[in-house]
Structures are given as structure tokens and as C-alpha cells.
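The values are calculated or read from the model by the stated rules, or taken from the named source; none is laboratory data. Since the model is a prediction, treat every value here as computed from it, not as a measurement. Counting neighbours? That spans all protein chains shown, and the Cβs are built from the backbone with ideal geometry, glycine included. The accessibility values were calculated without ligands, DNA or RNA, using every heavy atom of the protein model including side chains. Shrake-Rupley method; radii C 1.70, N 1.55, O 1.52, S 1.80 Å.
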Amino acid sequence: MMNDSQNLLFEEAKPRSVPVLVPMPVDRPFTYAVPDGVEVEPGSIVQVPLGPRKVIGVVWDGETDQVDAKKLKAISEVFDCPPLTQSMRKFIDWIANYTISPPGLVARMALRAPAAFDPEPKIPALRNTGQMPERLTDARRRVLEHSSDGMAWSKSGLAHAAGVTPSVIDGLTKQGVFETIMLPAPPVVAKPDPEYSRAELSDEQMSGADDLVEIISEEGFHSVLLDGVTGSGKTEVYFEAIAKVLERGQQVLILLPEIALTASFLKRFEDRFGAPPGEWHSDVAPKNRERVWRQVIDGQVRVVAGARSALFLPFENLGLIVVDEEHDPAYKQQDRVFYHARDMAVVRARLNDIPVILASATPSLETHVNAEQGRYERIVLSKRFSDAALPDLSLVDLRKTPPKRGGFISPILIDAVRKTLEREEQALMFLNRRGYAPLTLCRVCGHRFQCPNCSTWLVEHRFRGQIQCHHCGYHERVHESCPECGTFDHLVACGPGVERIAEEMDQHFPDARVIVLSSDMMGGSKRLRLELDAIAKGEADIIIGTQLVAKGHNFPLMTLVGVVDADLGLSNGDPRAAERTYQLLSQVTGRAGRTGRKSSGLIQTYQPQHPVMQALVSGDGDLFYERETIERERANLPPFGRLASIIISANNRPEAEAHGKALRSAAPQGSPFSLLGPADAPLALVRGRHRMRLLIHGPKGADIQKYIRQMFETGPKERGSLRIQIDIDPQSFL
Ligand code: ADP
Ligand code: ZN
């Protein structure tokens, strides 16, 4: 046995080694030697050899594995970059643990900016030294006048300002009139000014903002629900909280569910703070993203607005997170690491010991219950801003006033559109279905066009002349004859998509300007932005759109919203079907009447008695939440119980099923969880892979991760074509 001091000596003789987490699907950090003279600390971003390659990694916390010193490889480079903070490292470990994902995969989400680990290159600039040139010309005199302030100028900037060619400046530089200095790269966005232009708040907004600022001024973690009807000005109210945090010198993260929303949001932010926030989502060019990443970790970018992946930005000194439209399903990531950005935002806030604001007109039931039970604070805005009134909502009972043959819009809604157009206002027709028709069949033999790779119908897109699969992208030209029986001209489109509604509107209103908006629009997000601008300016009369138009936009002339098929999402076996429908339809009808004009919403349904429809027209959201809460509690569903889903997929069904059964028999006995399946997933075939599902259901307090881990530890390992996806708190049940 060695005593302590011997032990210490022994330690010192060994090469220094540290754990390094590499951004790959690895379960734990690897051990690397730290070369003499190199300094690292937990969080340092380094480069390490891994097999034949060099990869980046992060020096991690905890003990290193016992590795034979001779086999130990050394860190090859330490980047000149601030380390990931301890709270960030904890956050990565936390998510890995919660979602049962390899920590390396989670770390990868935080390190998606490979060129940002080196400092940004400095930029050359010219500064007047005071030296006079040998000979003065007019041009030279102008240059001297402009540059005599001693400020740093770019060559082209100075040439432009003085109205001379760059060669004039080169000549002066040669004579020692200018020296070249290196300046740090300019910030990606200017510093927001909390005092720049404060909106005049209504009384209700003011008291909401005061309460919010008071809550976030207290030290530590707070979770606040900002619950305000559409158009109540939630953004203006949380801007005051942001101003407060900026005054404290801290950084702010704002999460938005939809990229299409960011453009108008950036503008609003700039109007309030004099500079836009940093932008982070998949549409931002990689070079700009890298600059944002670097300036976030340097503390230079103060506010970032972005999609869910912005949650993994390495803030130096984060002071507040805002999750706008917190109920939005787009916050759930459903591949690789299955995480919910709203839930993880709350986790990150707790680990950083800072406040988080969840804003919504229709909070998720989870958040609603948290607020009811006092775990979250709540601020309510019950009125629309200024003279804007909420739209009058009513139901169109399709059993009593059905559409004309071949159509999908009831005469009542057609009439309302006509009156809207007569007043030179805009109408929105909402249908959450892309394309022309969701199903095509042959009237002679009954053949249905199905995707060869997926268990789905092929959706007709008439503008493109294609039938396509919305899961794998498979497509064919539209057929003229049935591939099964060969009969010509007997293929029929069943059911409507947005394109078909556009056709129907064209027939009724041939002179109206009709725009179709959906996520598969040609021209992508740039085109979408242009179209949204055009609508806001009144350059369209009828807008037909999917859920893309439901979110956040302000269209001043829009006074009528028609919901084509309110029942669409109600019967899909999802425990959140009612909640989702309520949220989506509240939001979409909330597009109407945002600037004071009288407005209305007409909701077409075959189920006018359904609680969702009743809640919508009565405006009594509380009643709906109360009922939904009781239902969920009775069924022990989230947030009162816990769910996890395990999707087992393989190239053939027997392989997937056998694996599912083996996992099932490996599940711990005597636990409070019940295990359903393996059964064919509702989407049983996707991209040629057969999918089986295990569903785990149990009480809230029990450790569902532990249960699943045990199952995988004792169960069979993945072989061959098998793939496993674990989804804790699933939002999708396909
Ligand atoms: P919400 O997010 O609650 O639906 P918004 O924050 O988008 O509402 O506000 C709705 C509209 O009202 C926006 O066009 C916004 O600019 C305007 N608005 C809200 N509050 C004010 C205010 N205090 N002063 C000026 N305009 C406001
Ligand atoms: Zn397919």
C-alpha cells in the first residue's frame, strides 16, 4: 500500500491526461495525454487524433479511464477559443442522459461551427500617421481631410468618401502618410440598445411587463408563462424583460418555431433595440453561422433569435431564454437526438440559474398544468392591443350546409369571402394539407396510388404535374391511365389539398388574386418571405395556406379566416389531437382582424358539438383546458403520466418484430411501467424500412430512462439492418 504522499509523487510522474468528448455517437469521453507546456481546462476545445483522422473535441469533466500510458495519444492542438462553460457541459450531459443519447452526439449539436474555433481573422485598415506627402494634389488633399480624424479606414471606404481612386491612397501609403493596422472583425450585429425606442404600452401590457421584469429581476431560475391572446402584444411585453437583461450586461436567447417568422421578427426587434439580433437557423449561410457562434462564445453578440438548434449555442453569459409560441410542435426534434426544445430550454435555464419565459396564446397542456400548480409563474394578457378586437368565430355545420358537388367550401363561407372581397379586404382559407389531393384512385378497378417505399398514399401536386410521397420524396408523373387496369381518364382525385381549394376559389372569384402558401412551394423560404410581404401590403385577395400561415404573421387587411376542414387532425390516434387542433385553429383564426377592422372566422366541421369546436366559438379556452386536463389525468397521460416510444426498424418485418419481442422480454419485471407492443407503427413502412413500435407508459415520478436502459443492457444488441430510435415524451405517434 502506498501512503498519500507516495501516491501524489506517483501521480506527478504519470503524463497528464484528460477526458475528451468527441462529437460522434460515443458513450463517453476518451482519454488523451496533455503535452508538456500545453494548458487545458474542462471545456477547452481541442483537436485530437482518432484512428487515422484528427477530430475536434471538448475537454470534459470527471475522471479519465485507466489507459496504458504507452497507448495514450496526445492532444494535437488547443484552439484559441473560450472554453464551453460548466453549465453548458452539464446541459449536454443532462440531455444525453434524459434522451438516452450518446453524449458525443449531443456535443456535436453544440459544436456545429468548425471554422469558428479559431479567432476570426483581423481586417487590415489604414490610419493617418500625420506625415505629409511630398506633393499635394486636390485628390490627395481631399483624402487627408477625410482621414485627419485619426480613425481607421478601409482603403475602399476612404477612396469612396474622398471621391478618389484607390491608387491615390496607395501612393500616399507608400510615402508613409498611412500605416496599416489590423482591426478585429466587425460584429455580426451591432449592440442592441435597451433604451432605443420603447413602445408605448397599454395599461394591461404595462402591468404585465412590470410583473415580468420584477420576476426576472430576482436572482436565479424562474419559469414564467406569458399567456396572452393573439395580438395582445406578448412580444412587446417580453421585449421589456429583454431590455432589463441587456442592461445587466447579459445575453439573451429567443427561440422561434418557424424560420419563416424570423424576418419580420428581426425587423421588430431592430425597431425596438436599434439593431437586429444575431440569427441562427438552417437558412443562415454557414459562414455567417460560424461568425455568430464565435461571437456568442466571445460574448460579443448579445441576443440571438433562432430555431430550436440555437439552444446549443455556447453563450458566455446567458441571462434569459424566451420561447415564443411555446406550444408549437416544431420545437420537437425527431431525429437522432429526440428532444423538445421548450422543455430543454427550461432545463438550460435551471442549470444556468436564470429565468425562462414561455409565451403563447394557447399554452401546451404541460405548461398550463405547471402554471396551475404554481411551478411556473403566469402573466395574462386578456385583450388585443389598441382597438383591435378578436374575430367573431362561428361554426359552419357541413351536414346542414354542405358544399356544392365537387367542391369543399360551403355556400356560407363562399358568401363571406365574396363580402370580404367587396370590402377590398383579404380572406385566408386554411387547410393543413399540401398539394392538390391526398389520394388518387381508379374509378374502374379501385387501384390506389401508393408509395412503393412507404405505407402512405401518393399526394397529387397538380402545379408540378406529379404525384409524390410526403415521407420519402418518391414521385411519378401524373398518370393518364390506370397502371393496374389500363383504363384512360378514370382516375379521380379524392379529397382536397390547398391547390384544389385554390382551383375552387378561382372558379368562384375569377378576378381575385389568389396566393397558395405551403412549405413545398417552389422557390423555398426566400419566395415565401416575398409572398408574405406581398400579402401584408395587400397585393393578394385570397390566401390559401397550410399551418405555415397560422403562425405569427400580421396581415393588416385580413378580416376573414375560413377553416376548410376543422376535423382533419382530430382522429389520428394522437393523445394530443384535441389540444393540437385547438391550438392550431385558435392561432389561424387569430390571424384575422389584427388592426382594428371588424373580422370573423368560419370553421367548417362535421362535429359542431366537439369540445374543441365549442371552446373555439365560445372563446372559453379555460373550459377546454379544464376538460382536457381531466381527460389526461384520468388516462394517466402526460403531463400526469409518462410515455416513451421505441421504434425498431429493419429491412424486413420479421427481423424488426423479433428484435422488438426480444427487447420486450428483456424489460425489467415488477416495475410500475407497462409495455405495449411490439406492434406495427402507424407508419409501418418508411423508405423501405419496416417499423415496429414499443410504447412504454407509466407514472410520472418513476424513472423511465432507467427502465429503458435496463432493457437495452440485458436485451439483444442491434445487428444487421436494425435501427433503434428512442423517443422520451414522444409528440408524434406515427
Ligand atoms: P402577439 O404575439 O401577442 O400575438 P404581437 O406582439 O405580435 O402580439 O402584437 C400584435 C400587433 O400589435 C403587432 O403588430 C404589434 O406591433 C402591435 N402592438 C402590440 N403592442 C403594441 C404597443 N404597445 N404599441 C404599438 N404596437 C403594438
Ligand atoms: Zn415514400
| request: For region 515-572, name all the residues that are small (G, A, S) and over 25 Å from I414 (Cα atoms). | output: S519, G523, G524, S525, G552, S571
| Among P192, P187, which is the only one that is open to solvent by 30 Å² or more (accessible area, probe 1.4 Å), more than 16 Å from ligand 1 (Cβ to nearest atom) and of a type outside the set (D, E)? | P187
| message | I need a count of the residues in region 220-250 that are at positive phi and either buried (at least 23 other Cβ atoms within 10 Å of the Cβ) or outside the structural domain of S264 (by TED's automatic domain parsing) (or both). | response | 2
| query | Yes or no: C469 surrounded by 14 or more Cβ atoms within 10 Å (Cβ to Cβ), over 21 Å from D565 (Cβ atoms) and within 11 Å of ligand 2 (Cβ to nearest atom)? | reply | yes
| field | Identity of the residue in region 472-485, outside any loop (DSSP other than H, G, I, E, B) and open to solvent by 60 Å² or more (accessible area, probe 1.4 Å), that ends up nearest to ligand 1 (Cβ to nearest atom) | value | H475
| request: Check whether at least one residue in region 163-174 is under 30 Å from G299 (Cβ atoms) and modelled with pLDDT under 90, and report yes or no. | output: no
| said: Going residue by residue through region 501-513, is there one that turns out to be modelled with pLDDT under 95 and more than 16 Å from ligand 2 (Cβ to nearest atom)? | reply: no
| request: Go through region 432-465 and count every residue that is open to solvent by less than 30 Å² (accessible area, probe 1.4 Å) and either in a strand (DSSP E or B) or of a type in the set (F, W, Y) (or both). | output: 9
| request: Could you tell me whether S671 is among the polar types (S, T, N, Q), open to solvent by less than 20 Å² (accessible area, probe 1.4 Å) and closer than 14 Å to I696 by Cα? | output: no
| query | For region 466-477, does any single residue satisfy the condition of being over 22 Å from L683 (Cα atoms) and out of contact with any Cys (no Cβ under 8 Å at 6 or more places or on another chain)? | reply | yes
| Somewhere in region 427-440, is a residue under 21 Å from A512 (Cα atoms), within 36 Å of the chain's Cα centre (by Cα) and within 16 Å of ligand 2 (Cβ to nearest atom)? | yes
| Any chance V292 is outside any strand (DSSP E or B), touching a Gly at 6+ places or on another chain (Cβ under 8 Å), closer than 20 Å to P186 by Cβ and in contact (Cβ under 8 Å) with a residue 60 or more places away in the chain | yes
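Conditions (1) within 16 Å of ligand 1 (Cβ to nearest atom); (2) open to solvent by 10 Å² or more (accessible area, probe 1.4 Å), marked per residue:
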position: D541; (1), (2): no, yes
position: G545; (1), (2): no, no
position: A550; (1), (2): yes, no
position: V561; (1), (2): yes, no
position: L568; (1), (2): no, yes
position: Q583; (1), (2): yes, no
position: H610; (1), (2): no, yes
| task | Can you give me the number of residues within region 355-366 that are more than 16 Å from ligand 1 (Cβ to nearest atom) and open to solvent by less than 10 Å² (accessible area, probe 1.4 Å)? | result | 4
| remark: Flagged in region 350-374 as outside any helix (DSSP H, G or I) and within 12 Å of L318 (Cα to Cα), in numbering order, are D353, I354, P355, V356
| Leading residue by the ranking (most open to solvent (accessible area, probe 1.4 Å)) among those in region 251-262 that are more than 14 Å from ligand 1 (Cβ to nearest atom) and more than 19 Å from V301 (Cα to Cα) | I259
| message | Considering only residues that are surrounded by 17 or more Cβ atoms within 10 Å (Cβ to Cβ) and either within 16 Å of ligand 2 (Cβ to nearest atom) or not in a loop (DSSP other than H, G, I, E, B) (or both), which ones fall in region 195-210? | response | E204, Q205, G208, A209
| Residues in region 722-732: is at least one more than 25 Å from P329 (Cβ to Cβ) and loosely packed, with under 14 Cβ neighbours inside 10 Å? | no
| said: Condition first: open to solvent by 40 Å² or more (accessible area, probe 1.4 Å) and within 29 Å of the chain's Cα centre (by Cα). Can you find one or more residues in region 639-657 that meet it? | reply: no
| Hey, any hits in region 591-604 for a residue that's open to solvent by less than 30 Å² (accessible area, probe 1.4 Å), over 30 Å from A416 (Cβ atoms) and in contact with a strand residue (DSSP E or B) (Cβ under 6 Å, 6 or more places away or on another chain)? | no
| Listed residues V337, V347, V304, V323; which is in contact with a helix residue (DSSP H, G or I) (Cβ under 8 Å, 6 or more places away or on another chain), part of a loop (DSSP other than H, G, I, E, B) and open to solvent by less than 20 Å² (accessible area, probe 1.4 Å)? | V337
| Out of region 272-300, which residues are more than 23 Å from A241 (Cβ to Cβ) and open to solvent by 10 Å² or more (accessible area, probe 1.4 Å)? | S282, D283, V284, A285, P286, K287, N288, R289, E290, R291, R294, D298
| task | May I ask you to list pairs of residues, at least six apart or on different chains, whose Cβ atoms are under 8 Å apart, with the first in region 604-628 being of a type in the set (G, A, S) and the second being open to solvent by 60 Å² or more (accessible area, probe 1.4 Å) and in a helix (DSSP H, G or I)? | result | A615/L623
| field | Only listed residue being open to solvent by less than 20 Å² (accessible area, probe 1.4 Å) and either away from ligand 2 (no atom under 16 Å from the Cβ) or among the polar types (S, T, N, Q) (or both), chosen from V492, V498 | value | V498
| message | Residue under question is K267, and the condition is that it be modelled with pLDDT of 95 or more, basic (K, R) and either open to solvent by 30 Å² or more (accessible area, probe 1.4 Å) or away from ligand 2 (no atom under 16 Å from the Cβ) (or both); does it hold? | response | no
